[in-house]
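Take a look at the structure set out below.
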Amino acid sequence: MPQTDDESTEAAGPVTVIAVHGNGGGSFRFSLVAERTPADIRFVAPDLPGFGSAGRQTALPTMRAYAEWLADVVAQTPAPRVLLGHGIGGAFVLEMLQRHRGLVDGVILHAPVGALLGQRRFPAMMKPKPIRWVVQRLLAARALRPLWRRRFFRGPVADHVVEQFFDNYGRCAAFGAMFDMITPRWFNSLAPVRVPAVLLWGGRERVLAPSQAAAYATVLPDAEVVMEPEWDHFPMLDVPKAYAMRIADLAYALT
């Protein structure tokens, strides 16, 4: 179970945090956090194939392929290691744990995608491929960015950060494929994994309801739910310093 903030600062030795981004994004979403993490945290944020700066590349074909790619990245980092998965990044973390539990010392799933997919409207709407194409382009459309900015962010996010955030949606080759890979059938196939874990959620979350956290007990039975009352879905951009410090505290507590 995570320690208090005072206790976590006494942890010895550097911890590697490998941050896995959500759909339409890339390592850029964690760039402000990487600049603000304590010196004794190694912060690694890869671009998944088909996303971010790798967005022009072909997406991988299956969840297992993404999990194996991620396992290779994790294995190249120094231990102790904590995996941080945000949004669909949490789904890739869960898939990796099915075969590579021994690679990590702890897991932080931040508003992950996977549970209760059959009950959510957005995944149901995104089943037809033409709808995915339209939605992706609407998210990247410059004319709509003032609207999306109010919908996605609460903090005073810099203009250049907002521009790159939405540009990444437009170049993301893997965006639509995620709705075929991350499904109720996939989630129900996951076996429970015993690993020190935290389910991190924002109390003002507008993308994935905090009530979903309880549904992850079937796959992470040892996980503790940690709520940050003022956070929305992208605190790594809204409040990067606070996010960096919270992730550091949790990483030390888990290891």
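What follows is calculated from the coordinates using simple rules that are stated; it is not laboratory data. What you see is a predicted model, and the numbers here were worked out from it, not measured in a lab. Neighbour counts run over all protein chains shown; Cβ positions are idealised from the backbone, glycine included.
Relative contact order for the stretch 197-255: 42 percent, from Cα pairs under 8 Å spaced at least 6 residues apart, divided by residue count.
Across all directions, the average flat footprint of the convex hull enclosing the Cα atoms of the stretch 138-255 is 8.6 nm². Each Cα pair under 8 Å and six or more residues apart adds its separation to the average, and for the stretch 5-254 the resulting relative contact order is 27 percent. A Cβ-based charge dipole, computed about the Cα centre of the stretch 109-255 with Lys and Arg at +1 and Asp and Glu at -1, lands at about 760 debye. Projecting label points 7 angstrom from Cα along Cα→Cβ for Ala39 and Ser211 puts them 4.7 nm apart.
Directionally averaged projected area (the stretch 5-254, Cα convex hull): 12.3 nm².
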